[in-house]
Amino acid sequence: MKGVILAGGTGSRLYPLTRVTNKHLLPVYDRPMIFYPIETLVEGGIRDILLVTGGQSAGDFLRLLGNGKDFGLKHINYTYQEGEGGIADALRLAEYFVDAEPVCVVLGDNIIEGNIRKVCDAFRSNPSGAHILLKQVPDPQRFGVPVLDGNKVVRIEEKPAEPASPYAVTGIYFYDPSVFDRIRTLKPSARGELEITDVNNSYIRDGKLGYSILDGWWTDAGTFESLLRANNLVAESQARRLDKGVSAGPECARAER
């Protein structure tokens, strides 16, 4: 399974911080934000990773991450997204890298407490359709929200004023190779972007989307409020780990695996 991290965009909701750097290079507690999605993939057993970025700070990712040795990797792949075309447009750039394999896609500002190893293993064993991770949140109207009928997702509504459920679709997605054909059929939304929600709804229409509830806490870090929340959650988690005599950071993550 390949892994793709989407770390482009202008980060306009975090101006003026993002006038001088990419959002995903901002600190979350004691590490750059981009470290967390990389760790998510590595802890899921994924070693072949592509980072999609853009803007004027793209070269800073290479200086920061190199070939990924801090994460136990031998190599990280990079590609550049021109402009602001949306999440699905950024994923489109990964087609040749994915090369007809199943792929796990993580948004670069998503941070989780646990790991996704169980879901990764399950999708590897049956890499058909798509699989999303849901999490109950106090403000689902900020996200894509699943409309549930029993144990099925019947559609996903993007940032609804009146959410049909208390769940958010997290920025962690599993897709089979048909995802790129589906992206080619999309039309830009009202905001001029190719929406990942439209990709997921395409799978739903074909009866090929499953879901799991993510264990542990989850947050994005794309607004001042959620960035502060991410810092606090990571700080609390690391304090608990230190109380148990466990170090934090990439070296620890590799040791625990």
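Candidates VAL52, VAL42: the one that is touching a Leu at 6+ places or on another chain (Cβ under 8 Å), over 30 Å from LYS187 (Cα atoms), in contact (Cβ under 8 Å) with a residue 24 or more places away in the chain and not aromatic (Phe, Trp, Tyr) is VAL42. Would you check which residues across the range 158-177 are surrounded by fewer than 24 Cβ atoms within 10 Å (Cβ to Cβ), touching a residue at least 24 places away in the same chain (Cβ under 8 Å) and over 19 Å from GLY222 (Cβ atoms) and list them? SER165, PRO166, ASP176, PRO177, listed by residue number. On the stretch given as the range 121-137, residues that are touching a residue at least 24 places away in the same chain (Cβ under 8 Å) and assigned to a loop (DSSP other than H, G, I, E, B) total 4. I need the full set of residues from the range 222-247 which are closer than 18 Å to PRO16 by Cβ and outside any helix (DSSP H, G or I), in order please. Selection gives GLY222, THR223. The set of residues in the range 55-79 that are free of Cβ contacts under 8 Å to residues at least 40 places away in the same chain and outside any loop (DSSP other than H, G, I, E, B) comprises ALA58, GLY59, ASP60, LEU62, ARG63, LEU64, LEU65, LYS69, ASN77, TYR78, THR79.
For the range 63-108, a residue qualifies if it is surrounded by fewer than 18 Cβ atoms within 10 Å (Cβ to Cβ), among the aliphatic types (A, V, I, L, M) and at pLDDT 95 or above, and exactly one does: LEU64. Search the range 156-187 for residues being assigned to a strand (DSSP E or B) and within 9 Å of VAL145 (Cα to Cα), and hand back the single one that is modelled with the lowest pLDDT. Applying the filter and picking the extreme gives GLU158.
The values are calculated or read from the model by the stated rules, or taken from the named source; none is laboratory data. What you see is a predicted model, and the numbers here were worked out from it, not measured in a lab. In this analysis, Cβ positions are derived from the backbone assuming ideal geometry, glycine residues included, and neighbour counts consider all displayed protein chains.
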